[in-house]
Amino acid sequence: FNARYLKDYLPSDFSINTIDLTFELDDNKTKVTSVMSISKNTSEANKIILNGEQLKLIAVYYNDTALNASEYQVDDDSLSFLIKDNECTVKIVTEIDPENNTSLEGLFKSGGAFCTQCEAEGFRRITYYLDRPDVMAKFTTKVIADKNLYPYLLSNGNKIDSGDLNNNRHFVTWEDPFLKPCYLFALVAGDFDLLQDSYKTTSGRDVRLEIFVDKGNKTKAHHAMASLKHSMRWDEDTFGLEYDLDIYMIVAVDFFNMGAMENKGLNVFNSKFVLADKETATDTDYFNVEAVIAHEYFHNWTGNRVTCRDWFQLSLKEGLTVFRDQQFSADMHSAAVTRIKNVRVMRAQQFSEDAGPMSHPIRPEKVVEMNNFYTLTVYEKGSEVIRMLHTLLGKDKFRQGLDLYFQRFDGQAVTCDDFVTAMADAAKIDLILFKRWYSQSGTPIVKVEESFNTNSGEYQINLSQLTLPTKDQATKYALHIPIAIELINNEGTQSHLLELKSDNQQWRFSGFHEKPTLGFLANFSAPVKVDFEQSNSDLAIIMTSAKDKFLRWDAGQKLFSNTISQIITDTNYQIPAELIDILATQLCDNSDPALIAEQFTLPNFHELVEQFKPINPIKLVDALDKLKLFIAKGLEKQLLSIYQALADKPYLNNAQSIGDRALKNMSLSYLVLLPEHHDLVKRQYLTSDNMTDALAALQSSATQTVESFDAMMASFEQRWENTTLVMDKWFSLQAAYKGSNIFERLKNLTEHSLFSLKNPNRARSLIGAFAQNNSRYFHCETGRGYQFLADQICSLNAINPQVASRLITALIQYQDFDEYRQNLMKSQLERIAILPNLSKDLKEKLDAAL
Ligand code: B3K
Ligand code: ZN
């Protein structure tokens, strides 16, 4: 497989101005007819090379004349022929097999419906085309199918024609007035329940809103609809951006590789991010539905109206759109809790990706399989980079920068550089150094040294930055890092923004009577690691006195990780009782229960691995368990009274009620460590009227092997066996079970009648959940955990390479663990590497890791 490089980018020799598609849908023999008007961009252009994979070519016509086999070349991934005129019409007829397309790229079947996924390079599995984002055309799409099986025939844009045909078939024709790259093309055909609504934009345009779901699920689509309307309003209020077509459609399908897809006017969603009601969805699910609905909606401007020149620029649309959806969520909920959730993802997952074998800058330079680059780095770190611009420019200048970006580039396919330049021009600041964030991989470590002169009252901070070499880049340079700090003291806390731009820098602050306490990296103002020893008493001051809630929370997390580090290094370590006193003060503040729940959530296994690597994972799991038990014992009375006060509050879907549930279930997760409280779990499971509480009870039982676990799981299974998304939760709970018979259980689960590797959600719910959440057994001494994962990846390689490639992350990051485990993990990787027909997706990662 060949790598492609950013440095080799060349504009296309040809433009495709219009494309008229006709689909005659059939499970195994769908006929696709494409008529394109093509023009030359340079007079030297003569041979066109169209991308195409897994296609059966039926015919090619050049200006209405059929080409014979000697006039074109066709191979596994292309079709080429001569273009003799400056302007011409090409017609291509192909045949495809949607039912057997288990990769879920291109045209495939999900349940009874046809649907498409074209980003990044799936359109080439539908027809031969210039499958690159800088080729933008006007699309017209005619869909023909059986009228009873497929009453709804959908594509991008506006419906311009429809009618009946012979053999009980019908057709609908759609026209999208906006030029678009083919990755934004979509087609859906099926029988659905339809939830309809409408929205009036600020300028007075009426937009029809339609959400299509599987029959029987209509009542579960209301939250998605409300979220869509909130997103539309927010984007108008915040950025002045309105929707631009008369109709916005969302279709929910059960078989989907990712979360959702922003196809112009016709989003296709994983049903997980559309369907929600209180019986089947948790508060977290509600939050995520709203966030993904918003994300895809926001893409209409950041992604669709202005798109990427080439796939190396993916973060242009993804980093920016993640930033926008994070800001939206922060405005709709507790801003502090939203930020904390973002930061946990960075620390637990992005940092280790950035230090692992697949490390890449947010704008990668080399790609083998593009689907491997829809990463935490491109998305989440990409969003952090946009957030730093927001911090450096301030809200108003950032808005001016975005306005200028749309003014310059609406309707075009552009680069990350274009974006940053627009920001710099609007704000009239120099961002040349800042651009290095786009080309440099790895997580910078910022080292903090402070000193205080009692005589002069001067406080000094020295900062130095260091980025370690990564697999993809040996040499690193200094970055432009905005660092928000607080100087906490009795005379009034000061906030400052420091701009670190070189290897070392100093700042001085005067006028203090005593040394202030430094709150460092307020609101996580940059995606960096911090090297700074602070005493427990300083951390306690920050926890109670910092103005920034993120800083308060983060000081608590540091206290936890310092304690865990002591437990690991010293087997006789006695956790100091003062820890309980410090924590107890946090339980008294009842202004934001969701924040308290976050404050009591220990840094997770993956965040800690990132801090302590290379590490024996079992020692880490033991230390986490020990600390948690210590807290449960130390705060038993307080946690129990919180639990009891909240236990029987009625379910409401508002911020207070959601926060109360988070706090209650956090308390339960500690209480369950004490066997005398096991009855609470069972009682909560039996009396709960909502999924948040039921699931929390089961989660606590899975991790503590509460006696009634199997009985509760059996009743849960019986109740929900026909509800796909809930059964995904059941499989995940089973995978998290901490009993030593887990491997027999896993084997039975893979043979369960409802288990299938063909459904990505189901595969992830068992296999991904085991690798991610059951660290004690995934990393067990025998290596059986690694073997289980590798076995499943081998099967998935042939079924769905994208899903296989995501799941292999847990194995390729072996360098985080002790040598014994590294060897076990590597031998599983070697076993996968010799598979016949190893996919490009897995091959790229294995080549990097081995
Ligand atoms: N743009 C899509 C992701 C496509 C993934 C291709 N493997 C969803 C999103 O980021 O909104
Ligand atoms: Zn996106």
Checklist entry - For segment 752-763, which residues satisfy the criterion of being out of contact with any helix residue (DSSP H, G or I) (no Cβ under 7 Å at 6 or more places or on another chain) and either surrounded by 15 or more Cβ atoms within 10 Å (Cβ to Cβ) or not assigned by TED's automatic domain parsing to the domain that holds Leu811 (or both)? => result His752, Asn759
Checklist entry - in contact (Cβ under 8 Å) with a residue 24 or more places away in the chain, among the hydrophobic types (A, V, I, L, M, F, W, C) and under 30 Å from Asp625 (Cα atoms), is that true of Ala804? => result no
Checklist outcome for this item: Output for Cβ contacts, cut-off 6 Å, separation at least six or different chains, first residue over 14 Å from Ala647 (Cα atoms) in segment 674-687, second surrounded by 12 or more Cβ atoms within 10 Å (Cβ to Cβ) and not acidic (Asp, Glu), reads Leu674/Ala632; His678/Val706
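To keep it simple, each residue is scored yes or no on (1) more than 16 Å from ligand 1 (Cβ to nearest atom); (2) under 21 Å from Leu468 (Cβ atoms); (3) touching a Pro at 6+ places or on another chain (Cβ under 6 Å); (4) part of a helix (DSSP H, G or I).
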| site | (1), (2), (3), (4) |
| --- | --- |
| Tyr379 | no, no, no, yes |
| Leu392 | yes, no, yes, yes |
| Leu402 | yes, no, no, yes |
| Tyr405 | yes, no, no, yes |
| Asp418 | yes, no, no, yes |
| Asp425 | yes, no, no, yes |
| Ile432 | yes, no, no, no |
| Trp437 | yes, yes, no, yes |
| Gly442 | yes, yes, no, no |
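Matching residues to (1) touching a residue at least 60 places away in the same chain (Cβ under 8 Å); (2) in contact with a Cys (Cβ under 6 Å, 6 or more places away or on another chain); (3) of a type in the set (Ser, Thr, Tyr); (4) under 25 Å from Leu608 (Cβ atoms):
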{"residue": "Trp301", "(1), (2), (3), (4)": "yes, no, no, no"}
{"residue": "Val306", "(1), (2), (3), (4)": "yes, no, no, no"}
{"residue": "Asp310", "(1), (2), (3), (4)": "yes, no, no, no"}
{"residue": "Gly319", "(1), (2), (3), (4)": "yes, no, no, no"}
{"residue": "Ala330", "(1), (2), (3), (4)": "no, no, no, no"}
{"residue": "Ala336", "(1), (2), (3), (4)": "yes, no, no, yes"}
{"residue": "Val345", "(1), (2), (3), (4)": "no, no, no, yes"}
{"residue": "Ala355", "(1), (2), (3), (4)": "yes, no, no, yes"}
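This table checks each residue for (1) crowded, with 18+ Cβ neighbours inside 10 Å; (2) under 30 Å from His170 (Cβ atoms).
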{"residue": "Lys7", "(1), (2)": "no, no"}
{"residue": "Val35", "(1), (2)": "no, yes"}
{"residue": "Ile48", "(1), (2)": "yes, no"}
{"residue": "Val74", "(1), (2)": "no, no"}
{"residue": "Ser80", "(1), (2)": "no, no"}
{"residue": "Ile92", "(1), (2)": "yes, yes"}
{"residue": "Ile96", "(1), (2)": "yes, yes"}
Item to check | Conditions (1) part of a loop (DSSP other than H, G, I, E, B); (2) surrounded by 21 or more Cβ atoms within 10 Å (Cβ to Cβ); number of the one not met by Val292 | outcome: (1)
Checklist outcome for this item: Pairs returned, first residue in segment 187-213 that is touching a residue at least 60 places away in the same chain (Cβ under 8 Å), second residue that is loosely packed, with under 15 Cβ neighbours inside 10 Å and among the charged types (D, E, K, R), beta-carbon separation under 8 angstrom, 6 or more apart or interchain, are Asp191/Lys215; Phe192/Lys215
Checklist entry - Any residue in segment 327-336 that is within 25 Å of Ala848 (Cα to Cα), in a helix (DSSP H, G or I), more than 12 Å from ligand 2 (Cβ to nearest atom) and small (Gly, Ala, Ser)? => result no
Checklist entry - Which residues, counting only those in segment 650-665, are within 16 Å of Ala336 (Cβ to Cβ) and either surrounded by fewer than 22 Cβ atoms within 10 Å (Cβ to Cβ) or hydrophobic (A, V, I, L, M, F, W, C) (or both)? => result Ala655, Gln656, Ile658, Ala662, Leu663
Next on the checklist: Restricting to segment 226-263, count the residues that are closer than 26 Å to Leu404 by Cβ and in contact with a Gly (Cβ under 7 Å, 6 or more places away or on another chain).
Outcome noted: 2
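Please determine, by comparing only the residues of segment 308-321 that are in contact with a Gly (Cβ under 9 Å, 6 or more places away or on another chain) and farther than 15 Å from Leu402 by Cβ, which one is nearest to ligand 1 (Cβ to nearest atom).
Of all residues in segment 308-321, those in contact with a Gly (Cβ under 9 Å, 6 or more places away or on another chain) come to 314-321.
Right, trim to farther than 15 Å from Leu402 by Cβ and you get 314-315, 318.
Numbers: Leu314: 8, Ser315: 11, Glu318: 5 Å.
The qualifying residue nearest to ligand 1 (Cβ to nearest atom) is Glu318.
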Next on the checklist: Yes or no: segment 303-325 includes at least one residue that is over 30 Å from Lys264 (Cβ atoms), over 16 Å from the mean Cα position of the chain (by Cα) and either away from ligand 2 (no atom under 16 Å from the Cβ) or not assigned by TED's automatic domain parsing to the domain that holds Tyr9 (or both).
Outcome noted: no
Checklist entry - Quick one: how many residues across segment 322-363 are of a type in the set (D, E, K, R), under 17 Å from His230 (Cα atoms) and more than 16 Å from ligand 1 (Cβ to nearest atom)? => result 1
Next on the checklist: Give me the residue from segment 351-371 that is in a helix (DSSP H, G or I) and within 16 Å of ligand 2 (Cβ to nearest atom) and, out of that set, surrounded by the most Cβ atoms within 10 Å (Cβ to Cβ).
Outcome noted: Asn371
Next on the checklist: Going by what's in this entry, would Ala426 be described as more than 24 Å from the chain's Cα centre (by Cα) and either over 28 Å from Gln506 (Cα atoms) or modelled with pLDDT under 95 (or both)?
Outcome noted: yes
Next on the checklist: As an exercise: evaluate Tyr286 against (1) away from ligand 1 (no atom under 16 Å from the Cβ); (2) crowded, with 21+ Cβ neighbours inside 10 Å; (3) of a type in the set (Phe, Trp, Tyr) and give the number of the one condition it does not meet.
Outcome noted: (2)
Checklist entry - How many residues does segment 709-725 contain that are of a type outside the set (Asp, Glu) and within 16 Å of Asn759 (Cα to Cα)? => result 4
Next on the checklist: Quick check on segment 316-323. Is at least one of its residues out of contact with any Asp or Glu (no Cβ under 7 Å at 6 or more places or on another chain), basic (Lys, Arg) and crowded, with 19+ Cβ neighbours inside 10 Å?
Outcome noted: yes
Checklist entry - Can you name the number of the only condition in (1) surrounded by fewer than 23 Cβ atoms within 10 Å (Cβ to Cβ); (2) more than 11 Å from ligand 1 (Cβ to nearest atom) that Met258 fails? => result (2)
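Which is away from ligand 1 (no atom under 16 Å from the Cβ), surrounded by 21 or more Cβ atoms within 10 Å (Cβ to Cβ) and farther than 28 Å from Ala120 by Cα, of Ala221, Ala226, Ala276?
Numbers: Ala221 fails: farther than 28 Å from Ala120 by Cα; Ala226 fails: surrounded by 21 or more Cβ atoms within 10 Å (Cβ to Cβ).
Answer to the check: Ala276.
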Checklist entry - Would you say Ala694 is small (Gly, Ala, Ser) and over 31 Å from the mean Cα position of the chain (by Cα)? => result no
Checklist entry - Is it the case that Ala522 is under 23 Å from Gln350 (Cβ atoms) and in contact with a Leu (Cβ under 6 Å, 6 or more places away or on another chain)? => result yes
Checklist entry - Is it fair to say Asn17 is polar (S, T, N, Q) and part of a loop (DSSP other than H, G, I, E, B)? => result no
Item to check | Single unsatisfied condition, Arg408 versus (1) surrounded by fewer than 17 Cβ atoms within 10 Å (Cβ to Cβ); (2) within 30 Å of Ala137 (Cβ to Cβ); (3) not assigned by TED's automatic domain parsing to the domain that holds Leu316 | outcome: (3)
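Determine which member of the set Asp548, Asp554, Asp589 is modelled with pLDDT of 95 or more and within 24 Å of Ile642 (Cβ to Cβ).
Numbers: Asp548 fails: within 24 Å of Ile642 (Cβ to Cβ); Asp589 fails: modelled with pLDDT of 95 or more.
One residue alone meets the criteria, Asp554.
The values are calculated or read from the model by the stated rules, or taken from the named source; none is laboratory data. Small disclaimer: the values here were computed from a predicted structure and weren't measured. Counting neighbours? That spans all protein chains shown, and the Cβs are built from the backbone with ideal geometry, glycine included.
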